[in-house]
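The values are calculated or read from the model by the stated rules, or taken from the named source; none is laboratory data. In this text the structure is predicted, and so the values were computed from the model without any measurement. Every residue, glycine as well, gets a Cβ built from its backbone with ideal geometry; the counts of neighbours run over all protein chains shown. With ligands, DNA and RNA removed, areas are computed over all heavy atoms of the protein, side chains included. Shrake-Rupley method; radii C 1.70, N 1.55, O 1.52, S 1.80 Å.
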Amino acid sequence: MPHVILKMVEGRTEEQKQMLADALTKAVTESLGCNEDLVSVGIEDFKDEEWTAKVYVPDIQQRVGTIYKMPGYGPED
């Protein structure tokens, strides 16, 4: 039962978010061989000025062992 949480800086439309959720669902079902009914996708928007404190530090910097694709920027970028 995969659950994907995507965090991003605000500014995308609901249509863009739905398209992204659909694409993530497809990627998960194809990669893991599971049924679409088992997949859930959540999207959380953050203000640009909140990104480092609320996302980068706790979810990337402090959880390096769980990150399979590191970003090409650091907390000061």
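List the trypsin sites (Lys or Arg not before Pro) in the range 22-64 that DSSP assigns to loop (not H, G, I, E or B) and whose Cβ has at most 14 other Cβ atoms within 10 Å. Which are they? Could you put the intermediate results ahead of the total?
Values: sites: K26, K47, K54, R63; in loops: K47.
The qualifying sites are K47.
At 222 nm, what value in deg cm²/dmol follows for the chain if DSSP H runs of at least 4 each add -39500 (n - 2.57) and the sum is divided by all its residues, to the nearest 500?
-8500 deg cm²/dmol
In Å², what does the accessible area per residue of the chain work out to with a 1.4 Å probe? Working shown, then result.
Numbers: 5800 Å² over 77 residues.
Result: 75 Å² per residue.
Once both axes come from the Cα atoms, what is the angle between helix 14-32 and the longest principal axis of the chain, in degrees from 0 to 90, rounded to 10?
70
Starting from the range 1-72, pick out the chymotrypsin sites (Phe, Trp or Tyr not before Pro) whose DSSP state is loop and whose Cβ has at most 10 other Cβ atoms within 10 Å.
Counting only loop positions with at most 10 other Cβ atoms within 10 Å, the chymotrypsin sites (Phe, Trp or Tyr not before Pro) in the range 1-72 are Y68.
How large a share of the accessible area of the range 13-57, in percent, is made up of carbon and sulfur atoms when the probe is 1.4 Å and the other protein chains stay in place? List each step's numbers first, then the result.
Numbers: 1550 of 3140 Å².
For the range 13-57, the apolar C and S fraction of the accessible surface comes to 49 percent.
Identify, among N35, P2, G65, the residue whose Cα sits farthest towards the positive end of the charge dipole of the chain, taking +1 on the Cβ of Lys and Arg and -1 on the Cβ of Asp and Glu, with the dipole about the Cα centre.
Checked the options; the winner is G65.
Using the crude model of +1 on Lys and Arg Cβ and -1 on Asp and Glu Cβ, and no other charge, please compute the dipole size for the chain relative to its Cα centre, in debye to 20.
Dipole size: approximately 280 debye.
What are the lysines whose alpha-carbon lies under 18 Å from the alpha-carbon of K69, with same-chain residues fewer than 8 places away excluded?
K7
Can you list which of the GluC sites (Glu not before Pro) found in the range 13-77 are DSSP loop residues with at most 11 other C-beta atoms within 10 Å?
Those satisfying the criteria are E76.
So what are the radius of gyration and Dmax for the Cα set of the chain, in Å?
Rg and Dmax of the chain, Cα atoms, are 13.9, 40 Å.
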